[in-house]
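Readers should treat all values here as calculations from the given coordinates under stated rules, not as data from a laboratory. Please read all numbers here as calculations on a predicted model, not as lab measurements. Positions of Cβ are generated from backbone atoms using ideal geometry, with glycine treated the same way; all protein chains shown enter the neighbour counts.
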Amino acid sequence: MGACLGAASGGIGFAIWGILFAVGVVVMHAWDQVQEVAFRSIDEAAARNPDPKMQEVASQLKSPEGLVIMVIGALIITLLVFVVVPAVTGLLAARLQMHRNDSGS
């Protein structure tokens with residue numbers, strides 16, 4: 001029960017965060033800033049790695065399609081963090097509470 005409650009609360013938290021993030025990007029016209037930060041990170045990573053394939057990957061990620069893939073990947077990772085961490089902590093809290101109830105009897 002604790003894992004389900006944690007996952008549900010994490011899912012709701014992710015939905016709220018996603019809405020606020022999307023509204024913030026649209027209202028503040030910040031998509032250019034998101035692109036700039038992403039491209040700067042790609043350039044820094046590519047500069048640290050002399051492998052020619054890395055340079056090719058960096059140029060692919062800097063394309064519009066690559067940016068969409070990066071944003072979707074970041075959203076998936078964020079969703080996992082928002083859902084998995086609360087689910088695990090909810091599970092642990094429920095187990096701890098059961099253990100306390102069993103030992104207290």
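Some points to look at:
- Extension gain, Arg40 to His99: 0.36 nm times the residue separation minus the Cα-Cα distance gives 16.3 nm.
- The range 67-82 and the range 1-24 have Cα centres lying 14 Å from one another.
- Cα Rg, Dmax, the chain, angstrom units: 20.1, 66
- If R0 equals 22 Å, the separation of the Cβ atoms of Met28 and Ile76 corresponds to a calculated FRET efficiency of about 0.40.
- Extreme residue, positive dipole direction of the range 2-104, given options Val83, Pro50, Met98 (C-beta unit charges): Met98
- Residues Ser59 and Phe21, FRET efficiency given R0 of 22 Å [Cβ-Cβ distance, rounded to 0.05]: 0.25
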